Amino acid sequence: MTAAATSLVEMPQPRSLPYRGKVGMASLIIAESAIFTIFVVAYLFYIGKSLTGPTPGEVLETPIFFTICLLSSSLTIHYASRSLERGRRSAFLSLWSLTIILGALFMCGTGREWHRLIYEHGLTISTNLFGTTYYSLVGLHAFHVTAGLIMLTVVLIFGLAGRVHKDHFRRVDVLALYWHFVDAVWVVVFTVVYIVGR
Amino acid sequence: MSSNAITIPGIRVEGKPWLETLHEWVTTVDHKRLGILYIIYGLGFLVVGGVEALIIRIQLMHSHSDFVSPQVFNRMFTMHGTTMIFFMVMPVLFGFANYLVPLMIGARDMAFPRLNAFSFWLSAFGGVLLYFSFLGGSGLYGAGNAPDVGWWAYAPLGARAFSPGHSTDYWTLSLLVSGFGSIGTAINIIATVLCMRSPGMKLGRMPLLVWLYLVMGGMVLIAITPLSAAQIMLLIDRYLGGHFFDTQAGGSAVLWMHFFWIFGHPEVYVLVIPAFGFLSEIIPVFSRKPIFGYPVMVAASVAIGFVSLSVWAHHMFTVGMNSYANSFFAITTMAVGIPTGIKIFNWIGTMWGGRIHFKVPMLFCTGFLFQFLIAGLTGIIQASVPVDWQLSLSYFVVAHFHYVIVGGILFATFGAFYYWYPKMTGRMLSERLGKWHFWLFLIGFHMTFDVMHIPGLLGMPRRIYTYEPGRGWDTLNLIVSIGAFIQAIAILVFVWNLIVSYFKGAKAGNDPWDAWTLEWSTSSPPPAYNFATVPVVASRRPLWDLKHPEDPDSRYE
Amino acid sequence: MFALSCLLLPPQALAEPSTSIFAPESTPAKSIVNLSVFVLIITGIIFAVVCTLLVYSISKFRAKSVNADREPAQVYGSNQIEMAWTIIPVLIVVVLFLATARVIHAVQDAPMPGTAVQVDVIGHQFWWEYRYPRLGIVTANELHIPVSDATHPTPTFLHLLSADTDHSFWIPQLAGKTDLVPNHPNSMWMDPQRTGVFLGQCAQYCGTQHAKMLLRVSVDSPEDFAEWVREQRRPAVTDERVAAGKQVFEHTACINCHAIAGTPGNGRFGPDLTHLMSRATIAAGAAENTKDNLRLWIQDPEAIKRGSLMPAMQLSKSDLDALVDYLETLR
């Protein structure tokens, strides 16, 4: 049956369909973008509508340093992937670890900021509309950073155990794509919260 | 896999302990088995949701009836809507996707088999969680309550202040969980279609069902997620003191409506687009002609996917948007009818000049065509905004959307059952029982849903547990309820057919319908690996080419 | 199906009062009927045409035993036909949209004349509060508005608010419905052209007793309306014979939710009772306003409207009798 099918036509030119890991991750990113969009819309809609409590202008400090950390981690993970593709394992491991450190620094920054907002300014998720939308949006992003850091750490552990090889670069690239997404979301969140919203 | 042929477990598999069979099914990652699991799961909830509908209809047979209390009634309509959409139609459609998509593109499985299994069990858990609310939720009036806020859970009705206890949380969490399952399946479908097609299967040669599932997958990614986001916001409001929808703190109830309907409207297109896929496979085979206008059908499907993202606020015409917003959503809603109409014309164009065999799958598809036409037209009527100011929130809308979902989607799905059951089980469903199923269901459907438009025109709002006598609604509601019982009998006939034919149905062979797509080239049921050698195709109808080597499609495409 | 409904409706429409959308008595409702007839005609024609094509294909192209095993001509499509059945629907949509947009603006953007009667409608679970800000009246559940004459129009403009969840104000004969959403004021208008009673009910699910949040609008002649306004503005009737009942009212939890002008009762959670007996029904239309029903409502509201927010007052028999006697005087 299928042999007969081949006899009817010439074997088609070999073509390369996209790597399913990439397509799967791209689809996940599209879905996640939709979730973030809704939170961003809520944030933008409620700007200036709080009835009480601290306003963004009063309490927010622009986290420039930690933003630079996070965005540079996109560079480091990119080079880490490239190193793995070329088989340079030690470069891969160092750049990968650097990515994790930069991401963790960002999380520390977020933690510090939240501590300051809660304890010095009394802004919590239930204080007012600004509090609700701010903690939800930044928190959703932080959750995704944390999930990413966990996955990056798992890969690091495998890498340190010597089990990550050049052939795995496509899978590692899929994870890097997720990490780039998380950084891109931060660019949007940063703009909306620290620039537009103030 | 220990056996070559995948069969539904039963008494017939000799020598294998039932526990081992059960274990195989629970741990399976095979797309065909997961497809069947999804379908059986959905059928179970069809019966449960149907019982809820019957309770509603018994209560509404007479004015001032006290068959159930208002509290129970409100739970019934909430659960009926939530169940039918999320735990009946979605699983059944995902089931068919799982089963058919890899077979139709010549692949051996979906792109991510373990994600596939995970998504199924996640969605299944969601359904169980929702029904656990009858036991575990403590609602407004004592322990053990299911959600009663309507399947939209409008703010602020869903807030802690108006829905104390946990009944609303069961709604939120079960849908959040099954939503993630749906996203997983959508990712799988997209990756499978884009990355796993067999040689020669260009995008332009895929069966239309595969195209339509690709569009549906894309829509699930961006339509289900707004609901997930809104539900997270609702949980934050209910448990962390958030104010997303807290009107006392300056929050907006209308914002919930926007978020819900940004999900809710594309969701119904998520449901109907696979039904379009079923029609696009069944009608050509039973008309003995290729689908009329394949490229236009693809374009129309994609167009529907995009335009349907812009119509959501037609569910909110009475909420008090300004006249410009109302006009915008009026025109987008009318516009989405255009590619939809084009598809109807193309299906008729497929039948035109054909030699139509009215086997049961074709009967159901013909029913779809009449009924979906009417449903689309009542949709256009409601798109005329001022008319919708009267019709919205009334039984006219309830009649309209049941016309789409039951008269359209369910009819097409029944057609799909009769068409692909032989492939899945190796047996034909009984034609005789199938005809009984069709005619009984047709009569019951029309008795209920044709008549149901009228109380809406006479001012009967929806979601009311009782109504005043003397408004002209009594007799009409009685007729509607009788039709519901006739439909219930038809469903019983269908379930009986499914069971009896499994044991006694005629053997189907590979290709009982003389069809043209790849799934009919392998055995019924297919082996675990689907195809012995990976098929190579040269046209949209590879089996037509094989059966008609003197006149293959590849010459014309 | 639609023909059938149109045949059914005129007799219904004549039966007073009607809730049919096809028995309009006010300009917004009339323009909706006119638009709906136009839309029905167009959709009816589309239905007839497509149905005919479908029925024709089913009968003409059915496989007959003679030719059942030969395949028909394999036609793949036709660009001209696709163009035709794309362009025609586009034109139909344009026409329908223009007709729709015209009526949207005419109804929604209608300016409020100086002669309009203004009413604030506040939706509650499960009753309606009406305040006439310019007339200084507060009442509940039964709305009185003046009839509007085409030459000297006196429409009523409703300002729609909500104290709790979402509701919707729907009197089919007078106008399309508009929702009452908390923190989102809406407005609608009506200019009923004949006197009489018009019925409707809440159309947006608002909780357990959504079904019994009924609407009753009395459209009065100008003289009757003026008389009604005068009566509503009068302070509460004080009758010494029912002083005992007044005491019961003032010293029980009643005053937390209900207001009666001239007593300490100024609660706004429940309906204002100052002119309770001017209403034909109680509990937002759930029961007729009779002495027995009033008694039952106070003693056991679940018997009349299960799930309503009126608590059972648990009064002694003598207190209950006195209270009901008192309430019966509140014209």
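Using the Cβ atoms and a cut-off under 13 Å, what net charge is assigned to the surroundings of B:LEU498, where Lys and Arg are +1 and Asp and Glu are -1?
Details: positive: B:ARG427, B:LYS504; negative: none.
Spelling it out: positives minus negatives among the neighbours equals +2.
Can you order the peptides B:401-409, B:427-435 by their average number of other Cβ atoms within 10 Å per residue, highest first?
Details: B:401-409: 21.9, B:427-435: 18.6.
Answer by packing, highest mean first, reads B:401-409, B:427-435.
Neighbouring Cβ atoms within 10 Å as the yardstick, rank B:PHE73, C:PHE169 fewest first.
Ranking B:PHE73, C:PHE169 by Cβ neighbours within 10 Å, fewest first, gives B:PHE73, C:PHE169.
Could you state the per residue volume, in Å³, of the convex hull enclosing the Cα atoms of the protein assembly as shown?
Values: hull volume 202.5 nm³, N = 1086.
With only Cα atoms used, the protein assembly as shown gives 186 Å³ per residue.
Can you compute the helix-only [θ] at 222 nm over chain C? Use -39500 (n - 2.57) per DSSP H run of at least 4 residues, normalise by all residues, nearest 500 deg cm²/dmol.
On the way: 9 runs with 126 residues, N = 331.
Using -39500 (n - 2.57) per qualifying helix, the result is -12500 deg cm²/dmol.
Within a 10 angstrom radius of each residue's Cβ in C:144-152, how many Cβ atoms of other chains show up on average? Whole number is fine.
Values: counts 0, 0, 0, 0, 0, 0, 0, 0, 0.
Mean number of neighbouring Cβ atoms from other chains: 0.
If you average the sequence gap of Cα pairs under 8 Å that are 6 or more apart and divide by the length of chain B, what percent do you get for the contact order?
16
Can you find, among A:THR124, C:LEU160, B:LEU37, the residue farthest towards the positive end of the dipole of the protein assembly as shown? Put +1 on the C-beta of Lys and Arg, -1 on that of Asp and Glu.
It is B:LEU37, whose Cα lies furthest towards the positive end.
Taking every eigenvalue of the Cα gyration tensor of chain B, multiplying by 5 and rooting it, what semi-axes result, largest first, whole Å? Before the final figure, lay out each step's value.
On the way: eigenvalues 289, 138, 118 Å².
Value: 38, 26, 24 Å, ordered largest first.
Can you compute the charge dipole magnitude of chain B about its Cα centre, using +1 on each Lys and Arg Cβ and -1 on each Asp and Glu Cβ, nothing else charged? Give it in debye, rounded to the nearest 20. Write out the running numbers ahead of the final one.
Details: 31 positive and 26 negative charges, 198 e Å.
In debye, rounded to 20, chain B gives about 960.
Among C:HIS105, C:HIS275, which comes first, then next, by fewest other beta-carbon atoms within 10 Å? Please report the intermediate quantities before stating the final value.
Working: C:HIS105 15, C:HIS275 22.
Fewest-to-most ranking of C:HIS105, C:HIS275: C:HIS105, C:HIS275.
Quick one: 3J(HN,Hα) in Hz for the stretch B:482-494, Karplus 6.51/-1.76/1.60 with θ = phi - 60°, rounded, Gly and Pro as x.
4, x, 4, 5, 5, 4, 4, 5, 4, 5, 4, 4, 4
Non-local amide H neighbours of C:LEU180 (under 5 Å, H modeled in plane, Pro and chain starts lacking H): which ones?
Placed amide hydrogens put C:HIS167, C:SER168, C:PHE169 under 5 Å from C:LEU180.
Taking neighbour counts of Cβ atoms within 10 Å as a proxy for exposure, in what order, fewest first, do C:LYS64, B:LYS289, B:LYS343 appear? Could you put the intermediate results ahead of the total?
Working: C:LYS64 8, B:LYS289 24, B:LYS343 20.
Placing the least packed residue first, the sequence is C:LYS64, B:LYS343, B:LYS289.
Lys/Arg Cβ at +1, Asp/Glu Cβ at -1, dipole of the stretch A:38-196 taken about the Cα centre: which of A:TRP114, A:PHE169, A:LEU149 is farthest positive-ward?
Checking the options against the dipole of the stretch A:38-196, the answer is A:PHE169.
What is the distance in Å between the Cα centroid of the stretch B:309-355 and that of the stretch B:506-534?
Cα centres, the stretch B:309-355 to the stretch B:506-534: 38 Å.
Cα axis of helix C:2-14 to longest principal axis of chain C: angle in degrees, 0 to 90, nearest 10?
Computed tilt is about 30 degrees.
Would you compute, from DSSP H runs of 4+ residues alone, the mean residue ellipticity of chain B at 222 nm, taking -39500 (n - 2.57) per run and dividing by the full residue count, rounded to the nearest 500? Before the final figure, lay out the partial values.
Details: 18 runs with 347 residues, N = 557.
Result for chain B: -21500 deg cm²/dmol, rounded to the nearest 500.
What's the ranking of B:199-205, C:185-191 by average number of surrounding C-beta atoms within 10 Å, highest first? List each step's numbers first, then the result.
On the way: B:199-205: 17.9, C:185-191: 21.0.
Output ranking for B:199-205, C:185-191: C:185-191, B:199-205.
Which three numbers, in whole Å and largest first, are the semi-axes of the equivalent ellipsoid of the stretch A:38-196 derived from its Cα gyration tensor as √(5λ)?
On the way: eigenvalues 254, 38, 28 Å².
Listed largest to smallest, the semi-axes of the stretch A:38-196 are 36, 14, 12 Å.
Provide the per-residue ³J(HN,Hα) series for the stretch C:20-27, in order, calculated from phi with Karplus coefficients 6.51, -1.76, 1.60 and θ = phi - 60°, each as a whole number of Hz, with x at glycine and proline positions.
7, 6, 9, 10, x, 10, 8, 4
Between helix B:208-240 and chain B, what is the angle of the helix's C-alpha long axis to the longest principal axis, kept within 0 to 90° and rounded to the nearest 10?
30
Please give the net charge around C:GLY262, taking every other residue with its beta carbon less than 11 angstrom from that of C:GLY262, where Lys and Arg add +1 and Asp and Glu add -1.
Net of charged neighbours comes to +1.
Give me the net charge for the shell around A:ARG89: Cβ to Cβ below 14 angstrom, other residues only, Lys and Arg +1, Asp and Glu -1.
Numbers: positive: A:ARG82, A:ARG86, A:ARG88, A:ARG163, A:LYS166; negative: A:GLU85, A:ASP167.
Net local charge, A:ARG89 excluded: +3.
What residues have an amide H closer than 5 Å to that of B:SER394, excluding those fewer than 5 places away on the same chain, when H is modeled at 1.01 Å from N in the peptide plane?
B:ARG462
Considering only A:LEU70, C:LEU215, B:SER287, whose Cα is most displaced toward the positive end of the charge dipole of the protein assembly as shown, charges sitting on Cβ of Lys, Arg (+1) and Asp, Glu (-1)?
B:SER287
Output ³J(HN,Hα) for the stretch B:59-68: one whole-Hz value per residue in order, computed from phi by the Karplus curve 6.51 cos²θ - 1.76 cosθ + 1.60 with θ = phi - 60°, and x for Gly and Pro.
Karplus values, whole Hz, x for Gly and Pro: 4, 8, 4, 10, 6, 6, 6, 10, 4, 10.
Skipping prolines and chain starts, which residues have an amide H placed within reach, meaning under 5 Å, of the one on C:THR281, given they are 5 or more residues away or on another chain?
C:ASN289
Rule-based calculations on the coordinates, nothing more; no lab input. All values derive from a computational prediction rather than experimental measurement. Backbone-built Cβ (ideal geometry, glycine too); neighbour counts: all protein chains shown.
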